[in-house]
Amino acid sequence: KDFRPYSMWNHPDEFEYVVTVAKMVDDGRCTPWLARMKPGDPLKILGPLGAFTLRRPLHPHLTFVGTGTGVVPLRSMIKDLISTGEIHDRDVTLLFGVRSQIDLFGVPEFERWAKEFPRFRYVPTLSRPAPGWHGATGRVTKHLAEMDLPVDTMQAYLCGNGQMITDAIELLESKGLGKRTRRI
């Protein structure tokens with residue numbers, strides 16, 4: 001059997017069905033198989049596996065940076081903050097970077113959270129925006145660099161493109177977060 005890792009969109013209190021997000025890649029190992037699936041088709045899953053989880057005790061400032069499908073596990077972590085009520089006790093920022101507006105997903109939920117929880121900030125960022133886009137542009141690391149990061153009281157969670165993670169770690173270390181940076 002050939003196994004492929006995918007992150008689950010679901011939080012543990014949302015398990016009526018399993019939701020994941022996958023980028024459909026031409027000639028990908030699983031893309032043809034996924035493209036043929038229909039809702040309700042049987043699927044064998046193994047897991048969850050891995051150690052990419054919130055690290056408690058949580059700090060007062062949490063910064064989540066995700067590109068593409070990398071936002072999937074970050075969404076589950078933020079949902080956990082909401083479920084436990086911990087979102088009320090800290091500043092939480094989600095920088096979500098994709099190429100174009102059509103690549104964004106989860107927007108209604110993230111926008112609803114930003115309205116519902118005053119200390120939650122959602123920043124969708126497009127590297128190749130279409131005319132008429134009025135949100136953040138460029139790479140998420142550009143916006144991370146522009147943030148006034150309270151490195152003594154923050155935790156950062158990164159997931160997505162490998163180069164973004166490398167660049168974000170370098171940036172965070174340059175701002176003084178290096179001693180607590182862990183890569184999983």
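The values are calculated or read from the model by the stated rules, or taken from the named source; none is laboratory data. Because the structure is a prediction, the values reported are computed rather than measured. For neighbour counting, all protein chains shown are included, and Cβ atoms are generated from backbone atoms with ideal geometry for every residue, glycine included. Areas reflect the complete protein model, heavy atoms only, side chains present, ligands, DNA and RNA absent. Shrake-Rupley method; radii C 1.70, N 1.55, O 1.52, S 1.80 Å.
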Original post:
Among (1) under 14 Å from the mean Cα position of the chain (by Cα); (2) modelled with pLDDT of 90 or more; (3) in a loop (DSSP other than H, G, I, E, B); (4) surrounded by fewer than 17 Cβ atoms within 10 Å (Cβ to Cβ), which single condition is Thr53 missing?
Top reply: (2)
Original post:
If only one of Pro131, Pro150 is surrounded by fewer than 17 Cβ atoms within 10 Å (Cβ to Cβ), under 17 Å from Phe64 (Cβ atoms) and more than 15 Å from the chain's Cα centre (by Cα), which one is it?
Top reply: Pro150
**OP:** Report, by residue number, each residue of segment 123-152 that is in contact (Cβ under 8 Å) with a residue 24 or more places away in the chain, assigned to a loop (DSSP other than H, G, I, E, B) and not small (Gly, Ala, Ser).
**Re:** Arg128, Pro129, Trp133, Arg139, Met147, Leu149, Pro150
Original post:
What residue, of Leu149, Leu126, Leu62, Leu104, is in contact with a Gly (Cβ under 8 Å, 6 or more places away or on another chain) and of a type in the set (A, V, I, L, M)?
Top reply: Leu126
Original post:
Which residue pairs have Cβ atoms closer than 9 Å, lie 6 or more positions apart in sequence or on different chains, and pair a first residue in segment 67-78 that is under 15 Å from Gly50 (Cβ atoms) with a second residue that is acidic (Asp, Glu)?
Top reply: Ser76/Glu14
**OP:** Tell me, please, whether a residue that is open to solvent by less than 40 Å² (accessible area, probe 1.4 Å), among the acidic types (Asp, Glu) and over 28 Å from Ser174 (Cα atoms) can be found in segment 64-84.
**Re:** yes
Original post:
Is there a residue being more than 18 Å from the chain's Cα centre (by Cα) and among the polar types (S, T, N, Q) anywhere in segment 71-87?
Top reply: yes
